[in-house]
1. When only residues in region 40-51 that are surrounded by 10 or more Cβ atoms within 10 Å (Cβ to Cβ) and of a type in the set (D, E, K, R) count, which is nearest to Ala13 (Cα to Cα)?
2. Check region 25-39 and report whether any residue there is exposed (fewer than 10 other Cβ atoms within 10 Å of the Cβ) and of a type outside the set (Asp, Glu).
3. Just give me the residues in region 27-44 being of a type in the set (A, V, I, L, M) and within 15 Å of Val17 (Cβ to Cβ), in sequence order.
4. Pairs under 9 Å by beta carbon, first residue among the aliphatic types (A, V, I, L, M) in region 23-36, partner open to solvent by less than 90 Å² (accessible area, probe 1.4 Å) and not in a helix (DSSP H, G or I), six or more apart or different chains?
5. Report, by residue number, each residue of region 11-49 that is of a type in the set (A, V, I, L, M), under 9 Å from the mean Cα position of the chain (by Cα) and part of a helix (DSSP H, G or I).
Amino acid sequence: MIESPEMSVRDIAKRLVITTGKKKGQHPSPATVMRMLREHDEHTTAMETTG
């Protein structure tokens, strides 16, 4: 994970590269990065509550 708390979502999106699918080789939009982070948090929370 990116460790610098000063990085914006746009900075994070610039560093990421899509590796599969139609947009392979492109950078995700900031909205996509936010969705990915939200889904990760939801998954992590669900795993913690189920044990």
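1. Asp41
2. Step one: filter region 25-39 for residues exposed (fewer than 10 other Cβ atoms within 10 Å of the Cβ), giving 25.
Adding the requirement that they be of a type outside the set (Asp, Glu) leaves 25.
Yes, because at least one residue in region 25-39 is exposed (fewer than 10 other Cβ atoms within 10 Å of the Cβ) and of a type outside the set (Asp, Glu).
3. Val33, Met36
4. Listed pairs, sorted by first residue: Val33/Leu16; Met36/Leu16; Met36/Pro28.
5. Once the filter is applied, which keeps residues that are of a type in the set (A, V, I, L, M), under 9 Å from the mean Cα position of the chain (by Cα) and part of a helix (DSSP H, G or I), region 11-49 yields Ile12, Ala13, Val33, Met34, Met36, Leu37.
The values are calculated or read from the model by the stated rules, or taken from the named source; none is laboratory data. Source: prediction; values computed, not measured. Cβ sites come from the backbone with ideal geometry, for glycine too, and all protein chains shown count toward neighbours. In case anyone asks, the SASA skips ligands and DNA or RNA and just uses the protein heavy atoms, side chains included. Shrake-Rupley method; radii C 1.70, N 1.55, O 1.52, S 1.80 Å.
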